[in-house]
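Scroll down for the structure; my scribbles are underneath it.
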């Protein structure tokens, strides 16, 4: 309990305390009590001293009457305050102690002995401040005071009783100053003083025991600072530390003794690599850390101890190779930073933060979790802010930041991360060109390693040979420049892995041979090193498997399996991200042997191992998908169709997580581009093969249009949830809105702000997933936001059959789905994926050709040929089945929805036919496209959409009409104004908002859309095949892009007529994602869209507009979105009757309800 608040006035009062207190409690009793706490940590002794020294104050003498005893008493009071600060951390106490001693030193009647004592005690105050805040000025001041006190004591006839204590403190200050200055020569005096105290004092004297702590610390830092690294310093330090440890069981210095010995053993291990040494260091460090954590507050010296222990745990990984060691290291370094602020101890704080950055890099590398890379990046930026720009540590931090970004790039594949990684590494490299920087010698090989890692990851994603060559180049530089032999095995192994990649790329047998030689050398050099030995083993195994595939030497494949089994055994009982990769490699080894020997047992073992690999919850999603797909492909190829269906089903279930909502839409697009392929289609083919077409439909629904579904999930209807669980619904809505806002907010400024924003988004996404999981635990919400089952999906066919054409690597099938009958499956043997890919390529090349004045008359022959090929390949069978359904259809209107998959999505299947007069073709049906079944149900007011089915019949149709005929770098559209004027004579005439030319701007377009439920847009549009999100409508002041459109939430939107080129054109990069402007309109809220699959002729716009709206409002009926498909069909029939070329009418398609 604090008994007195100290101010300047109260310090004067303490100096004039009456001598009755001296009579009541002799000074020697207080002195002994303070010594008891200082040496042994006896709290009751300090409490006694505080009670006696700092209790209620009585009468006072005037300053002129201060006695020697009262001044001695004031020094005791100052010691009480200092030690209470040491125990409890009150700045108030240490400030009062300093002021009190400074007042004592100002007294004119102070004799030499008292002055020596006061100087010494004031030095202790400043050294305590150094321990607490690591302030260099404080230790320098302490050093000066100790020196003055020592000089005065040596001039006195009778040395004071604290002379050895002064020497001990002085020696410590010498060591601290020398360490701060990195001055090896300055340690000698302090070391000699400590040796003398140890030799002169009694064996169990607490002062001698504390000297046994201070001497190893001085020797350790002299070793660290010295250029020659004289190991005799460590040997002597270890000897004294062990003696001190054996004597310090009851002393307050014990945790620091444990830490000192731990640090020395860690340093010796780094030189000698004896496993038991580092294990003992870790045990000692853990004991010291546990004792420090029981203290009432953490001084900087205590935080340094925790940080040092974290570093020791990192060193144990070389022996244990355990992920748990890294996790514990991160835990203790987090503790070291808890409550630590840079304001009081900027450099020590920066050092702790820098170490945390490196530790979390290690943890991410070993554990494979991108969140640890996030933490490393955050710590790295914090360290950069705290270190002065010219310090050596900035080079280390820059290198660590580069590594952090590289690790996250390996996890998430964001190109910005690779760019940031290379930028930071280059900055560190540039600074490290100064050879005087100590870090350069040891840090440069790691810098090369990190450079190589970035380019290695770039190669794995982009398969660019130049990236691989750079990665190999940096691997060789690592090996050539490394002064620390223990890192060489890792560098050799990395080189071997990259040479294997080059072998797989070029087939050069020399690369395979060098790859295996490097792997063998790395393993032979690392027999006593466990850190990442599992990685070295698996890399070696992969090289052996590749050689086995060439030589068929059974010893190679058996050794490969043995190596992988050893690697897997390390983490058999723990969650480990890389386990999936290792299991996949083991499965590949069994697969390779099966392909050579034909042994069924190997096939089944490979399939089982792939399955286990795909279910590891700790692994990266892409690794799990790859394992599941590899198993599915192997099973299908060997006609194990049930196993194939199971493997592909697992992969499809994981696919949406590849496009995680925690990354922005553009990055999700990249993820899906590189991670999808024909996955959902292959999965559906396997289900069709085993007679489960309903499950095939579910798989196609779950594995396609992933990006749009992730956006729509954030907009799901929460009305029922709000009624049942309002608090959960409110938080779900808040997080969803924050994620959507984050997507639309413009990135601002610095790289660090951009990083904060991206990390904020990831944390929001994690919270979103937690809430969704929480909702699914509630009664009645078990399937909340899960992909719908077939019983729900078949509702999409209530207004007409849906034809799903599944194109896979194995087979092509048409699945005709109705709302009441079983699925009709029609194999399309004439339309294999190779045939369809060829047609899609031919069509793509045709559309690239220059247009003539009619919009591209040369397109027509190719289009007709493609339509005939589709018809002959199987669409004639689809039409026959549809005709049979139409014959039994009771209503006049018979609608058909088409849902192509894969590269078939790039072809105009709605006009497949013989292309002969009076012959039936797909163009004879009222057809619409839909990207997914869910989007169709949603457009009608189902699944996640609270809107009514078609809108109120009595509500006026508010139309936004946009015409932008003149845009820079595009030809004028002379028919655009004519097209818009036709609307003045339509049923929309009473409620139209016109935007034309100067008014048709991006901002005005976006602002007006939410105020209208119909849109007619006549303008130029651009199509970006490589980055579909940049596809756009061209306005007066710029482009309204697809990425901007999908951010809109148009709750009342009904129908959009897009009289512009390429508005429904698919891209070969993402054929199953419907990444075009028409789909963007649907995502934003429109229930139906009229769009174009290629470039339209300008003169066709007015004619189509007139006929479409005439049919839509035929017989005076109010325009409704669900009649739009029929209106378009009737209008296009007029085009055909007028013998307008096919390429001019076949491009117009209907999407949606």
Note on segment 887-913: residues modelled with pLDDT of 95 or more and not in a helix (DSSP H, G or I) are 895, 896, 897, 898, 899, 900, 901, 907, 908, 912, 913
For segment 643-756, which helices (runs of 4 or more DSSP H) that fit wholly inside it have 2 or more residues that are over 19 Å from the mean Cα position of the chain (by Cα) and touching a residue at least 40 places away in the same chain (Cβ under 8 Å)? 679-689, 693-703, 706-713, 719-724, 726-744
Among the residues of segment 1005-1038, write down those that are assigned to a helix (DSSP H, G or I), crowded, with 19+ Cβ neighbours inside 10 Å and touching a strand residue (DSSP E or B) at 6+ places or on another chain (Cβ under 6 Å). 1005
Just need a number here: residues in segment 652-704 that are crowded, with 23+ Cβ neighbours inside 10 Å, touching a strand residue (DSSP E or B) at 6+ places or on another chain (Cβ under 8 Å) and within 21 Å of residue 637 (Cβ to Cβ). 5
Determine if segment 875-886 includes at least one residue that is modelled with pLDDT of 95 or more, in a strand (DSSP E or B), surrounded by 15 or more Cβ atoms within 10 Å (Cβ to Cβ) and in contact with a helix residue (DSSP H, G or I) (Cβ under 9 Å, 6 or more places away or on another chain). no
Select from segment 762-789 the residues that are part of a loop (DSSP other than H, G, I, E, B) and surrounded by 15 or more Cβ atoms within 10 Å (Cβ to Cβ) and write down the one among them that is nearest to the chain's Cα centre (by Cα). 785
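Residue-by-condition table, conditions (1) outside any helix (DSSP H, G or I); (2) closer than 19 Å to residue 263 by Cβ; (3) in contact (Cβ under 8 Å) with a residue 12 or more places away in the chain:
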| residue | (1), (2), (3) |
| --- | --- |
| 173 | no, no, yes |
| 186 | no, no, yes |
| 203 | yes, no, yes |
| 213 | no, yes, yes |
| 223 | no, yes, yes |
Out of segment 80-106, which residues are more than 51 Å from the chain's Cα centre (by Cα) and surrounded by 18 or more Cβ atoms within 10 Å (Cβ to Cβ)? 99, 100, 101, 103, 104
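What number of residues within segment 1106-1126 are within 49 Å of the chain's Cα centre (by Cα) and either buried (at least 22 other Cβ atoms within 10 Å of the Cβ) or closer than 22 Å to residue 933 by Cα (or both)? Reasoning before the result, please.
Of all residues in segment 1106-1126, those within 49 Å of the chain's Cα centre (by Cα) come to 1119-1126.
So of that shortlist, the ones also either buried (at least 22 other Cβ atoms within 10 Å of the Cβ) or closer than 22 Å to residue 933 by Cα (or both) come out as 1120-1126.
Number satisfying all stated conditions: 7.
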All but one of (1) under 49 Å from the mean Cα position of the chain (by Cα); (2) within 20 Å of residue 825 (Cα to Cα); (3) modelled with pLDDT under 95 hold for residue 950, so report the exception by its number. (2)
When you scan segment 929-944, do you find a residue that is in contact with a helix residue (DSSP H, G or I) (Cβ under 8 Å, 6 or more places away or on another chain), part of a strand (DSSP E or B) and at pLDDT 95 or above, even just one? yes
Just to be sure, is residue 239 surrounded by fewer than 23 Cβ atoms within 10 Å (Cβ to Cβ) and not in a helix (DSSP H, G or I)? no
What do you reckon, is residue 598 free of Cβ contacts under 8 Å to residues at least 60 places away in the same chain and buried (at least 23 other Cβ atoms within 10 Å of the Cβ)? no
In contact with a helix residue (DSSP H, G or I) (Cβ under 8 Å, 6 or more places away or on another chain), over 16 Å from residue 648 (Cα atoms) and modelled with pLDDT of 95 or more: is that true of residue 604 in this structure? no
Would a scan of segment 852-869 turn up a residue that is assigned to a helix (DSSP H, G or I) and closer than 22 Å to residue 1079 by Cβ? no
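Could you count how many residues in segment 67-120 are part of a loop (DSSP other than H, G, I, E, B) and in contact (Cβ under 8 Å) with a residue 12 or more places away in the chain? Full working, then the answer.
First pass over segment 67-120, keeping only residues part of a loop (DSSP other than H, G, I, E, B): 67, 89-90, 106-111.
Next, from what is left, pick out any that are in contact (Cβ under 8 Å) with a residue 12 or more places away in the chain: 67, 89-90, 107, 109-111.
Number satisfying all stated conditions: 7.
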Name the single residue that is nearest to residue 916 (Cα to Cα) among those in segment 1123-1153 being part of a helix (DSSP H, G or I) and in contact with a strand residue (DSSP E or B) (Cβ under 7 Å, 6 or more places away or on another chain). 1132
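Suppose the filter is crowded, with 24+ Cβ neighbours inside 10 Å and over 28 Å from residue 570 (Cα atoms); does residue 347 pass it? Outline the logic, then answer.
On the way: crowded, with 24+ Cβ neighbours inside 10 Å: no; over 28 Å from residue 570 (Cα atoms): yes.
Answer is no for this residue.
Would you point out which residue out of 507, 452 is surrounded by 23 or more Cβ atoms within 10 Å (Cβ to Cβ) and free of Cβ contacts under 8 Å to residues at least 60 places away in the same chain?
Answer to the check: 452.
The values are calculated or read from the model by the stated rules, or taken from the named source; none is laboratory data. Quick caveat, the model's predicted, so the values are computed rather than measured. Cβ sites come from the backbone with ideal geometry, for glycine too, and all protein chains shown count toward neighbours.
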